[in-house]
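Colleague: To start, I am sharing the structure in question, which I have written as structure tokens.
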Amino acid sequence: RIMKSPDPTSLGQTASWTNASRTVTLTSAVTANIDTCDSAWTNAMGANGSTSTSTTRKEGTNACTIVPGAGFTTGLAAYKTIASTDFSAYQQVSFWIRKSTGTINAGDLSIKLCSDTAGVTAVNTINVPALPSTTFQAVTVDTGGALGNAIQSVALYINTDQGAMTITLDNIIACKASSSADSL
């Protein structure tokens, strides 16, 4: 037996693209960029880690890499300050993530949208689901409620000591509620 797939929904928009282009353009935006991850995040691990960019990416020109060393255990690993943004019209967060070794169990890592510029005061916590290692995974997490309305930074927290590793993040976006007619 095979389950029926959901009925298609219309975003009520026109989509256009150019032959051989990777971009589809809609008449109005249905997502909002949180961070494209084209530039390095700020290292919050001190001498126990580093951050940089990598051309091993899924979108754009770079992805951000966060490299906790063996001496880093748990807590705020890195953050990116963004212009204060109202994401309250959105309920989901979508991003690409990859870990260099081992697997990520559900809740080992989290992305936090914060009201301060240093990734400390969390407004929304997005727990990363279980993931295999060494491959980029597209992740979309429905928070079940509106995202914050004055977000000034996005941060990566390590909740379970993973030892030395490399985490690569790319293209973090806010998406409308899955029940919304124009959710993408």
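The values are calculated or read from the model by the stated rules, or taken from the named source; none is laboratory data. It should be emphasised that the depicted structure is a prediction, and the values quoted were computed from it without experimental measurement. FYI the Cβ positions are ideal-geometry reconstructions off the backbone, even for glycines, and counts take in every protein chain you see. Ligands, DNA and RNA are excluded from the accessible area calculation, which covers all protein heavy atoms including side chains. Shrake-Rupley method; radii C 1.70, N 1.55, O 1.52, S 1.80 Å.
Colleague: Conditions: (1) open to solvent by 50 Å² or more (accessible area, probe 1.4 Å); (2) assigned to a strand (DSSP E or B). Ala32 meets all but one. Number of the miss?
Modeller: (1)
Colleague: I need the full set of residues from segment 135-164 which are outside any loop (DSSP other than H, G, I, E, B) and not small (Gly, Ala, Ser), in order please.
Modeller: Gln137, Val139, Thr140, Val141, Asp142, Ile151, Gln152, Val154, Leu156, Tyr157, Ile158
Colleague: Among the residues that make up segment 10-21, is at least one of them within 14 Å of the chain's Cα centre (by Cα) and open to solvent by 50 Å² or more (accessible area, probe 1.4 Å)?
Modeller: Our first condition is that a residue be within 14 Å of the chain's Cα centre (by Cα); within segment 10-21, this holds for none.
There is no residue in segment 10-21 that is within 14 Å of the chain's Cα centre (by Cα) and open to solvent by 50 Å² or more (accessible area, probe 1.4 Å).
Colleague: Right, here's the next one. Among all residue pairs at least 6 apart or on different chains, which show Cβ distances below 9 Å where the first residue, located in segment 7-29, is closer than 11 Å to Leu184 by Cβ and the second is at pLDDT below 80 and aliphatic (A, V, I, L, M)?
Modeller: Thr9/Ala181; Leu11/Ala181; Leu11/Leu184; Leu26/Leu11; Leu26/Leu184
Colleague: Of all the residues that make up segment 135-184, how many are modelled with pLDDT under 95, of a type in the set (Gly, Ala, Ser), open to solvent by less than 30 Å² (accessible area, probe 1.4 Å) and within 25 Å of Thr56 (Cβ to Cβ)?
Modeller: Count: 1.
Colleague: Condition (residue is in a loop (DSSP other than H, G, I, E, B) and touching a Phe, Trp or Tyr at 6+ places or on another chain (Cβ under 9 Å)) applied to segment 165-179: is it met by at least one residue?
Modeller: Yes; the residues of segment 165-179 include at least one that is in a loop (DSSP other than H, G, I, E, B) and touching a Phe, Trp or Tyr at 6+ places or on another chain (Cβ under 9 Å).
Colleague: Identify all residues within segment 49-105 that are more than 15 Å from Gly119 (Cβ to Cβ), touching a Lys or Arg at 6+ places or on another chain (Cβ under 9 Å) and of a type in the set (A, V, I, L, M); write none if there are none.
Modeller: Hits for segment 49-105 are Ala63, Ala89.
Colleague: For segment 78-90, which positions are in a strand (DSSP E or B) and either open to solvent by less than 70 Å² (accessible area, probe 1.4 Å) or touching a Ser or Thr at 6+ places or on another chain (Cβ under 7 Å) (or both)? Write out each step before concluding.
Modeller: So the first thing to find is which residues in segment 78-90 are in a strand (DSSP E or B), and the list is 78-85.
Once the filter is applied, which keeps residues that are in a strand (DSSP E or B) and either open to solvent by less than 70 Å² (accessible area, probe 1.4 Å) or touching a Ser or Thr at 6+ places or on another chain (Cβ under 7 Å) (or both), segment 78-90 yields Ala78, Tyr79, Lys80, Thr81, Ile82, Thr85.
Colleague: Could you grab me the full set of residues in segment 91-107 that are open to solvent by less than 40 Å² (accessible area, probe 1.4 Å), at pLDDT 95 or above and part of a loop (DSSP other than H, G, I, E, B)?
Modeller: Once the filter is applied, which keeps residues that are open to solvent by less than 40 Å² (accessible area, probe 1.4 Å), at pLDDT 95 or above and part of a loop (DSSP other than H, G, I, E, B), segment 91-107 yields nothing.
Colleague: Taking into account only those residues within segment 122-134 that are among the small types (Gly, Ala, Ser) and in a loop (DSSP other than H, G, I, E, B), which is surrounded by the most Cβ atoms within 10 Å (Cβ to Cβ)?
Modeller: Residue satisfying both the conditions and the ranking: Ser133.
For every residue, the table says whether it meets (1) in contact with a Gly (Cβ under 8 Å, 6 or more places away or on another chain); (2) part of a loop (DSSP other than H, G, I, E, B); (3) of a type in the set (S, T, N, Q).
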site	(1), (2), (3)
Arg1	no, yes, no
Lys4	no, yes, no
Asp7	no, yes, no
Gln13	no, yes, yes
Ala47	yes, no, no
Glu59	no, yes, no
Ile66	yes, no, no
